[in-house]
Amino acid sequence: MTAKDYLTIDDFDVSGRTVLVRVDLNTPMDPEGNILDDMRIKSHIPTLIDLEDAKVVLLAHQSRAGKSDFTTMKPHAKRISQHLGRKVEYVDDIFGSHARDKISSMNPGDVILLENVRFYSEESLKRPAKEHAETHMAHKLSPLFDFFFNDAFAVSHRSQLSITGFTETLTSGAGRVMETEISSLDRGIKGGESPCIFVLGGAKVDDSLKVAENVLTKGGADRVLLTGVVANVMLAAAGVDIGKVNLDFIDSQGYTDQIDRAKIVLDKFEGKIGYPIDVAMNDSGKRLEVHIDELPDGGLPINDIGLETIVSYSGEIKNAKTVVLNGPAGLSEVKPFALGTHEIIKAATESGYSIAGGGHISAEVRNLGYEDKFSHLSTGGGACIDYLAGDLLPGIEALKDAAVRYRLNK
Ligand code: 3PG
């Protein structure tokens, strides 16, 4: 038995058994239905390898209803099969008789991927686990399985049927992606080796402030260095005149009220919050390096952290034993303003243990070819932010509840 508060594949003998595994294969796709990024698909291979003696049925979603890439899982089955080196059969059904017949006739070693679970609209309803367990889908599928594994960390911030429903009806545990995400992100939040530094950027100011508050309150982080739009909000909170154009941008994103919140955070965690000493302004597409004491009246858009800040942040990051990056430092899709993001990523590869939050920053890590130099790249976007911010993820809570029930009944 593991001493964790959730169960894992190691807790059960899955050989020859039928297992339902919720995976997150959600990926950008082009209009022709081609997969543009298979990071998440590859991430589940260790789970599938550890379940190779079982009959494995994968349940996953692609996009959301109403979006142009809300489509079938057929290409995903082909791609998993390529990475796994074994056949993964796509089944054009979720829980109808076709899917159920296929599941019932599986042999150990077989892997099936069912159709996009969000084609069934009840999947996307936000409901308590117990109500999900009473749905048609849960009733039809549950009797066919011995175990349920949730390996879909990236969607575990959703209280959806396939995330929490089966933990009520089946003996359940976490897959390898889920385990790795929890243990790696916990090194940042709960304090891995010190000094532990969080570098928070991107455009979601409220999320970044929430993460900063959480990790500084819990004592996981020794310092939080701010970049991106949240750094501009913090500069304004610290009384720096960042100029009308930047204040207007903050307002257009609905974050003006976050300036007061940033002030509170700054006062509360004095000395623990770092913000830029200089910035790169966008002067007709070129970088204009300006110290924060010399920002021009009216202003130009601040699109990256400045060179002195890059040097100072990089020094702290390289000396850190644990580093968590979330969100780009500037407008990283525009070349001159990608500098801050790239240098911070490079510095993180020289730290003791480096974690990249999901989404934008982890895509940048991969674009730079630094995937193998990072200790952990999160597969989660919203799920990763929520976890770092200290929110309880319904998918993980459901696994904990399932573990309590299992241990009580043993
Ligand atoms: C993601 O891409 O972040 C996850 O797959 C969750 O997708 P959702 O935001 O559509 O629920």
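The values are calculated or read from the model by the stated rules, or taken from the named source; none is laboratory data. Source: prediction; values computed, not measured. Virtual Cβ from ideal backbone geometry, glycine too; neighbours counted across all protein chains shown. When the accessible area is computed, the model is the full protein with side chains, heavy atoms only, and any ligands, DNA or RNA have been set aside. Shrake-Rupley method; radii C 1.70, N 1.55, O 1.52, S 1.80 Å.
Other residues with beta-carbon under 13 Å from the beta-carbon of residue 236 carry, at +1 per Lys or Arg and -1 per Asp or Glu, a net charge of -2.
On a per residue basis, the stretch 194-351 carries 42 Å² of accessible surface, using protein heavy atoms and a 1.4 Å probe.
Note on the chain: antiparallel DSSP beta bridges, both residues inside, total approximately 20 percent of the bridges counted.
Spin-label model, residue 252/residue 69: points 7 Å from Cα along the beta carbon direction are separated by 2.5 nm.
Global dimensions of the stretch 194-351 from alpha-carbon coordinates: Rg and Dmax equal 14.3, 43 Å. Taking each residue as 0.36 nm, the span from residue 139 to residue 244 lengthens on full extension beyond its C-alpha to C-alpha distance by 32.0 nm. Considering only 56, 334, 290, the Gaussian network model of the chain with Cα springs below 10 Å gives its largest mean-square fluctuation to 334. For every other residue with a beta carbon closer than 10 angstrom to the beta carbon of residue 54, add +1 if it is Lys or Arg and -1 if Asp or Glu, then tell me the sum. That works out to -4. Helix content alone sets the calculated 222 nm mean residue ellipticity of the chain: runs of n ≥ 4 DSSP H residues at -39500 (n - 2.57) each, divided across all residues, give -11000 deg cm²/dmol.
Computed 3J(HN,Hα) for the stretch 393-410, one whole-Hz value per residue from the Karplus formula 6.51 cos²θ - 1.76 cosθ + 1.60 where θ = phi - 60°, is 8, x, x, 6, 4, 5, 5, 5, 4, 5, 5, 4, 4, 4, 5, 5, 8, 6, glycine and proline marked x.
Around the amide H of residue 172, modelled in the peptide plane, lie the amide H atoms of 148, all under 5 Å away and 5 or more residues distant in sequence or on another chain.
Put the Cα centre of the stretch 300-351 next to the Cα centre of the stretch 374-410 and the gap is 29 Å. Between 382, 395, 96, the Gaussian network model of the chain with springs among Cα atoms under 10 angstrom shows the greatest mean-square fluctuation at 96. Beta-bridge orientation, the stretch 194-351: approximately 45 percent antiparallel, per DSSP, counting only bridges with both partners inside.
For the chain, the fraction of 1.4 Å probe accessible surface lying on carbon and sulfur atoms is 48 percent. Over all other residues within a Cβ to Cβ distance under 11 Å of residue 130, the charged ones net out to -3, with Lys and Arg as +1 and Asp and Glu as -1. Dividing the Cα radius of gyration of the chain by its Kirkwood radius returns 1.02 for Rg/Rh. With a threshold of 26 Å on the Cα-Cα distance, the over-threshold entries among 42/373; 130/190; 190/268; 263/400; 42/204 are 130/190; 263/400; 42/204. When the chain is treated as a GNM with alpha-carbon contacts under 10 Å, the residue of 26, 246, 303 showing the greatest mean-square fluctuation is 246. Relative contact order of the chain: what whole-number percent is it, with Cα pairs under 8 angstrom and at least 6 residues apart? Relative contact order of the chain: 16 percent.
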